[in-house]
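Asks: First, the structure itself, so that you have it in front of you.
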Amino acid sequence: MKLKIKELFDKIVKALKPYQKNIIQPLLKIILIIIICVIIVHVISGHETLTQYADKHPDVAYSTSVEGEVTEP
């Protein structure tokens with residue numbers, strides 16, 4: 001079983017070898033940039049969920065009308 005998996009992996013690597021510089025490396029760079037952006041946003045945002053926001057700001061989260069809006073009876 002291990003031999004078949006290794007052979008399959010070797011075939012895939014051999015088939016992708018010509019595309020390594022043109023497709024695979026730029027694709028890996030884009031994936032790395034996306035992962036870095038996700039980490040930065042996660043750190044900056046403060047890890048606050050919608051439930052936590054609603055608990056901190058109940059007047060905004062549970063209001064039924066927009067402030068300054070005139071509601072008719």
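What follows is calculated from the coordinates using simple rules that are stated; it is not laboratory data. These numbers were taken from a predicted model, which means no experiment stands behind them. Because the Cβ atoms are built from the backbone with ideal geometry, glycine has one as well, and the counts that use them run over all protein chains shown.
Asks: Scan region 26-52 for residues that are within 28 Å of LEU16 (Cβ to Cβ) and among the hydrophobic types (A, V, I, L, M, F, W, C) and jot them down.
Replies: Restricting attention to region 26-52, the residues satisfying the condition of being within 28 Å of LEU16 (Cβ to Cβ) are 26-39.
Matches in region 26-52: LEU27, LEU28, ILE30, ILE31, LEU32, ILE33, ILE34, ILE35, ILE36, CYS37, VAL38, ILE39.
Asks: Filter region 31-46 down to the residues that are loosely packed, with under 10 Cβ neighbours inside 10 Å and either more than 14 Å from the chain's Cα centre (by Cα) or among the hydrophobic types (A, V, I, L, M, F, W, C) (or both) and list them by number.
Replies: The initial filter retains those residues of region 31-46 that are loosely packed, with under 10 Cβ neighbours inside 10 Å, namely 41, 43-46.
Once the filter is applied, which keeps residues that are loosely packed, with under 10 Cβ neighbours inside 10 Å and either more than 14 Å from the chain's Cα centre (by Cα) or among the hydrophobic types (A, V, I, L, M, F, W, C) (or both), region 31-46 yields VAL41, VAL43, ILE44, GLY46.
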